[in-house]
Amino acid sequence: MAITILIPTALRAFTDRRGEVQAEGKTVGEAVASFAKAYPDIRRHLYEEDGTLRSFINVYVGEMNVKNLDGVDTRLKDGDTVTLVPAIAGGRV
Amino acid sequence: MSVIPDGRLADLSNEEISRYSRHLLLPEIGVEGQRRIRAAKVLIVGAGGLGAPLALYLAAAGVGVIGVADGDFVEASNLQRQIIHSSKDIDRPKVASARDKIRALNPDVNVAAIGVSLTSANAMEIIKDYDIVADGTDNYQTRYLINDACALLGVPNVYGSIFQFEGQSSVFYAKEGPCYRCLYPSPPPPGLVPSCAEGGVMGVLPGIVGTIQAAEVIKLIVGGNDSLIGRLLLFDAWKMKFRELKIEKDANCPLCGEHPTIFAPIDYERFCGLKKTADEKPVETITALELKARLDNGEKIQLIDIREPHERAIVKFPDAKTIPLGQMSRRAGELNPDIDAVFLCKIGQRSVFAIRALEEAGYAGRMLNLRDGVNAWARDVDKNLPQY
Ligand SMILES: [Zn+2]
């Protein structure tokens, strides 16, 4: 399945400034893994040491958080868009 | 449902009817809504990029009591976006400058200038006097502290956050929807995400996001239906796109879930990983003067500038090899492990990330972090260079 992954500004330093990348996978977990393989410097930002996705990055398919679907096993259709939504913390500075 | 109880409402004077007529003409606000606005007490945490439009619009709207909490002083680099402060305010406490602007705009507003940062020790005591809190902070410790204190006190928390060109906003009101912990159970470990001081921020971005927060505050006061409770608004100022995502309440949330375990503010420095743990190997540092001495001695050193090209254009560091942070692991092979490597960035924060990334990639050579970065070189060694 061809999947589009939307990359927030906070992570674009690791995707050669790209805001949108293509990935492959039948599930959210597979799509994110195929994307991380193409941009190895982003790996430590996406995954904990035990290989689970980090809790300060939410993954959305459409407008739903995969936490409220089937997590990384959430099935994807060809053409789906996956959005990474990390915690950001600017404001006062 | 308005968060302002009816018992606190009083009649508007003729002067107030004239001043706020554009609100009174809106059936969604009207006379009753304006009476609620005047009765409302709103605490703005952070008198910075988000706090500036929040304070100005809430003052203009006639919010009765506005508290502004911030322990910082105005710096020149704030003025690109923090429009409540002016050039003449540099070095003044931010809350003093904010108080002056609010009073000049609307003398009827009662301003509480709280010149300290919110901490676990004072947050409950400060927040309990307010109906609504607007979060304009720039760090995770205060963000989780505000979230927890608001949920524990039953106060809605109007959230905004920004980075570079992107903003987020939502309303966390545990009584009626999810809290920040339901969305992000834990913060990123320090050393993984750069701050705005390093990553930069488009000046108008906090103006837009802070104004969205001000709109949400007004709606909570007058009882608007479609607040951002349970919705995360994402804004990209560069693509000029808004998106909206759903946030569900997390049944396992330790604060607002079914079996809570947090009943008072906790130690947020520890929670955010800011206290050093014993097993963490410290990064070796080198000062600008030490580096200068070693270079003058003719020692062989690999200087690695981890900044991106646009940033190197602000201040170039002489004779450094450039490997942007985002390419560090895959370009580890370009370094010679037999020679000391010194990593440099703007203030010596992202260069630590670079060293950690190389450690993880198995690089075995000695790595040193240039303390305080290129700014220290400009401050202590080559005083002709600007600090940025
Ligand atoms: Zn919660």
How much length is gained on full extension from residue B:1 to residue B:251, taking 0.36 nm per residue of separation minus their Cα-Cα distance?
87.6 nm
Give the accessible surface of chain B per residue, rounded to a whole number of Å², with probe radius 1.4 Å and ligands, DNA and RNA excluded.
44
Once ligands and nucleic acids are excluded and a 1.4 Å probe is used, how much of residue B:296 is accessible, expressed in Å² to the nearest 10?
110
Cα-based Rg and Dmax for chain A, where Dmax is the largest Cα-Cα distance (Å)
12.6, 42
Heavy-atom accessible area of residue B:108 with all protein chains present, probe 1.4 Å, nearest 10 Å²?
100
Across B:41/B:101; A:67/B:41; A:77/B:241, pairs whose alpha-carbon gap is larger than 29 Å:
A:67/B:41
Within 10 Å of each Cβ of B:289-296, how many other protein chain Cβ atoms are there on average?
0
Could you give the size of the charge dipole of the protein assembly as shown about its Cα centre, using +1 on the Cβ of each K and R and -1 on the Cβ of each D and E, expressed in debye and rounded to the nearest 20?
680
Using the charge dipole of chain B (Lys, Arg: +1 at Cβ; Asp, Glu: -1 at Cβ; taken about the Cα centre), state which of B:388, B:119, B:21 has its Cα farthest towards the positive end.
B:21
Along the charge dipole of region B:203-337, pointing to its positive end and built from +1/-1 on Cβ of Lys, Arg, Asp and Glu, which listed residue (B:266, B:254, B:288) has its Cα farthest out?
B:288
Which of B:92, B:143, B:35 moves most in a GNM of chain B, Cα contacts under 10 Å?
B:92
Within the accessible area of the protein assembly as shown, what % is carbon and sulfur when the probe is 1.4 Å and the other protein chains stay in place?
52
Step through the residues of region B:71-88 one at a time and calculate ³J(HN,Hα) from phi using the Karplus curve (6.51 cos²θ - 1.76 cosθ + 1.60, θ = phi - 60°), rounding each to whole Hz and writing x for Gly and Pro.
x, 8, 10, 6, 10, 4, 6, 6, 6, 5, 8, 8, 6, 7, 10, 10, 3, 6
log10 I(q)/I(0), Debye, Cα-only region B:134-283, no solvent, q = 0.15, 0.20 Å⁻¹?
-0.82, -1.32
Could you please state, rounded to a whole Å, how far the C-alpha centre of region B:1-53 is from the C-alpha centre of region B:242-315?
40
Hull volume in cubic angstrom per residue (convex hull over the Cα atoms of chain B):
160
Dipole magnitude of region B:248-376, debye to nearest 20 (Cβ charges: Lys/Arg +1, Asp/Glu -1, about Cα centre)
360
If unit charges are put on Cβ atoms (+1 for Lys and Arg, -1 for Asp and Glu) and the dipole of region A:2-86 is taken about its Cα centre, the option from A:85, A:53, A:64 lying farthest towards the positive end turns out to be A:85
Within straight cross-link reach of residue B:346, meaning Cα distance under 22 Å, which lysines are found once same-chain residues fewer than 8 apart are removed?
B:292, B:316, B:321, B:383
Can you pull out the buried accessible area for chains A and B, both sides counted, probe 1.4 Å, rounded to the nearest 100 Å²?
3900
Cα extents of the protein assembly as shown per principal axis, largest first, Å, are 79, 56, 41
Please give the residues from region A:1-26 for which the solvent-accessible area of heavy atoms, probe 1.4 Å, is smaller by at least 30 Å² with all protein chains in place than with the chain isolated.
A:9, A:10, A:12, A:13, A:14, A:16, A:17
Cα long-axis angle, helix A:28-38 against chain A (0 to 90 degrees, to the nearest 10)
60
So how tilted is helix B:140-153 from the main axis of chain B? Cα-based, degrees 0 to 90, rounded to 10.
30
Accessible surface, per residue, of region A:2-86 when the full set of protein chains is kept, probe 1.4 Å, Å²:
44
With 24 Å as the limit, write out which pairs from B:175/B:219; B:128/B:175; B:94/B:175; A:26/B:249 have Cα-Cα distances beyond it, or answer none.
B:94/B:175; A:26/B:249
On average, how many beta carbons from a partner chain sit within 10 Å of the beta carbon of a residue in A:33-44?
3
Helix B:94-105 against the longest principal axis of chain B: what's the angle in degrees, Cα atoms only, rounded to the nearest 10?
40
Using the Cα centre of chain B as the reference point, and only Cβ charges (+1 on K/R, -1 on D/E), how large is the resulting charge dipole? Debye, rounded to the nearest 20.
480
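The values are calculated or read from the model by the stated rules, or taken from the named source; none is laboratory data. Predicted, not measured: the structure shown is a model, and the values here were computed from it. Positions of Cβ are generated from backbone atoms using ideal geometry, with glycine treated the same way; all protein chains shown enter the neighbour counts. Keep in mind that these areas ignore ligands, DNA and RNA; they rest on the heavy atoms of the full protein, side chains included. Shrake-Rupley method; radii C 1.70, N 1.55, O 1.52, S 1.80 Å.
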